[in-house]
1. Working only within segment A:49-74, note down all residues that are touching a residue at least 40 places away in the same chain (Cβ under 8 Å) and open to solvent by 60 Å² or more (accessible area, probe 1.4 Å).
2. Suppose we keep only residues that are part of a loop (DSSP other than H, G, I, E, B) and open to solvent by 10 Å² or more (accessible area, probe 1.4 Å) within segment A:175-211. Which one would you say is farthest from residue A:232 (Cα to Cα)?
3. Among all residue pairs at least 6 apart or on different chains, which show Cβ distances below 7 Å where the first residue, located in segment B:185-214, is within 7 Å of chain A (Cβ to nearest Cβ) and the second is open to solvent by less than 10 Å² (accessible area, probe 1.4 Å) and charged (D, E, K, R)?
4. Of all residues in segment A:145-157, how many are open to solvent by 10 Å² or more (accessible area, probe 1.4 Å), in a loop (DSSP other than H, G, I, E, B) and within 14 Å of another protein chain (Cβ to nearest Cβ)?
5. Go through (1) more than 7 Å from every other protein chain (Cβ to nearest Cβ); (2) modelled with pLDDT of 95 or more; (3) surrounded by 24 or more Cβ atoms within 10 Å (Cβ to Cβ) for residue B:231 and report which single condition fails.
6. Among the residues of segment A:35-49, write down those that are under 19 Å from the mean Cα position of the chain (by Cα) and part of a loop (DSSP other than H, G, I, E, B).
7. Since residue A:167 meets every condition but one in (1) open to solvent by 30 Å² or more (accessible area, probe 1.4 Å); (2) touching a Cys at 6+ places or on another chain (Cβ under 9 Å); (3) within 12 Å of chain B (Cβ to nearest Cβ), which condition does it not meet?
2 protein chains.
Amino acid sequence: MKLFNKITIIGVGLIGGSIGLAVKNKKLAKQVTGFFRRKQSAQKAIRNKIVDCASFDLTQAVKDTDLVILATPVEAIKNISRRVVNSMKPGAILIDVGSTKKEIVGLLGKLAEKRDICFVGTHPLAGSEKSGLAFAKKNLFIQAICFITPDKGTNKEAILKIERFWKQLGAKVVLINPAIHDHILAQVSHLPHMIAFALINSVPDNHLKFSGSGLQDTTRLASSPADIWRDIALSNRKEILLSIKNFKENLIYLEGLINRKESRKLTHYFTKAKNRRDNL
Amino acid sequence: MKLFNKITIIGVGLIGGSIGLAVKNKKLAKQVTGFFRRKQSAQKAIRNKIVDCASFDLTQAVKDTDLVILATPVEAIKNISRRVVNSMKPGAILIDVGSTKKEIVGLLGKLAEKRDICFVGTHPLAGSEKSGLAFAKKNLFIQAICFITPDKGTNKEAILKIERFWKQLGAKVVLINPAIHDHILAQVSHLPHMIAFALINSVPDNHLKFSGSGLQDTTRLASSPADIWRDIALSNRKEILLSIKNFKENLIYLEGLINRKESRKLTHYFTKAKNRRDNL
């Protein structure tokens, strides 16, 4: 079933590219356009059937489109959103796929409303430390959680349509308030990233060669793109700071148990951790 | 080539069991005996060709043996070492495979010397969050780093023989001072474990269901056996406390960058982390 005539993807990387592949694979749109800055990426995306056609002009890329998907880092979304909204046709739907929602939903919701565009914030939990077009996969969203984060101003029909869209890509949709989304994501995603960054930066250079799979897995997230995570850290700043504070309290408690040689309490602390992890 | 006539393994779990499988597979000994507390484990180990025979009497298990391998958690090593050493035949070799070395090498080196037993501390980097006989694999040590940690009292011939032993099991042997071993391992292994425990314990229960592969990988080590890690935390206490202190300083620096919205320094911090992680 064609949900949309024309879809435009801005930011054809891991997420944007995977959406293109999945939409074309499921035939959810008549035409998928990608907005690109570099010819090489555009050629690659067309060759790999990620998009049907490429555009290098933002206004042209979005003007006749029924659904525009913003799949760039958060700062870039903020920077181009006004131009995108002003170039879209009234009644069209705009979504983003960013990892932080409160700031974006507040900003883009207002911008879009003024021009009779329906903005819906979304966030598929399908990112990875890998980035870029080369890692795009048509089944990236199958069984993945996808948050849809409406606020009170969000158009109800647009929510339903976007819910259908993500379900057809295979995702399990969870509707959630943008602020609650950011509170939860700070803990289950942003905090592990910050910890991975700090952990790998805290091990002395000359000892890294002795690392086994333990350090490797614990710091896998530190391979994530720096620009994306700078934007997330700034966009969800307060919640991330809160989650770091909470984590530090836990670590300081553990530090105290080790320092005071509290054998029984250490067993209890590690057992609690093991049970929680085994149940994930 | 038979390196030893008789080998006895005390603690036939993931590591001890894998040694048994590998020794029998490579025919490095005429006979492999396992010391067990429970009949069921003994039967399983014999059925799965991990050991040739089982003993439920510690003294009997080690008395005619050329090589005794202590593969229990660190506290258990400390508790049974006197009885083991007193029951071994003079000239035999005793090794352990524990994750901390300074304390064990100090204690067992002295005990062994008095009875003319050659103690050599070793530590194969082949642990996992999985534990127990069921996860033993004959190729667990292939290409794994194995530390051998002699001190000035350690018998030179025994070191050479144990070096040959681990190389024949496929490991890459690194000779290192016990205190330096503990300093390095605190950073590349013990610290990531402490962080994984604290991280999973710091995420609220009702948010865990929203975790993706990021939190899962970052906390994989938290599934490790609580008793083993309690012992490691206490045995390598000072170095682990030092590594936690160092990590906290790094995290507090990152916290400050986020708090002060230092966009460029955040990019730099995350890029440095990415480069270090990509080079592991």
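The values are calculated or read from the model by the stated rules, or taken from the named source; none is laboratory data. Computed from a predicted model, the values in this text were never measured in an experiment. Here the Cβ is made from the backbone with ideal geometry for all residues, glycine too, and neighbour counts use every protein chain on show. All accessible areas refer to the heavy atoms of the entire protein, side chains included, with ligands and DNA or RNA removed. Shrake-Rupley method; radii C 1.70, N 1.55, O 1.52, S 1.80 Å.
1. Pass one, segment A:49-74, residues touching a residue at least 40 places away in the same chain (Cβ under 8 Å): A:50-51, A:55, A:58, A:61-62, A:64-74.
Selection gives A:64 alone.
2. If we filter segment A:175-211 for residues that are part of a loop (DSSP other than H, G, I, E, B), which is where we start, we get A:176-177, A:203-204, A:211.
Filter once more, keeping what is open to solvent by 10 Å² or more (accessible area, probe 1.4 Å): A:176-177, A:204, A:211.
Details: A:176: 19, A:177: 18, A:204: 27, A:211: 28 Å.
Checking each candidate, the answer is A:211.
3. none
4. From segment A:145-157, those open to solvent by 10 Å² or more (accessible area, probe 1.4 Å) are A:145, A:150-157; that's our starting set.
Subsequent filtering for residues that are in a loop (DSSP other than H, G, I, E, B) retains A:150-155.
Then drop every residue that is not within 14 Å of another protein chain (Cβ to nearest Cβ), which leaves none.
Counting residues in segment A:145-157 that are open to solvent by 10 Å² or more (accessible area, probe 1.4 Å), in a loop (DSSP other than H, G, I, E, B) and within 14 Å of another protein chain (Cβ to nearest Cβ) gives 0.
5. Of everything listed in (1) more than 7 Å from every other protein chain (Cβ to nearest Cβ); (2) modelled with pLDDT of 95 or more; (3) surrounded by 24 or more Cβ atoms within 10 Å (Cβ to Cβ), residue B:231 misses just condition (2).
6. Of all residues in segment A:35-49, those under 19 Å from the mean Cα position of the chain (by Cα) come to A:35.
Scanning segment A:35-49 gives no hits.
7. Every condition holds for residue A:167 apart from (3).
Conditions (1) modelled with pLDDT under 95; (2) in a strand (DSSP E or B), marked per residue:
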residue	(1), (2)
A:51	no, no
A:65	no, no
A:68	no, yes
A:76	yes, no
A:84	no, no
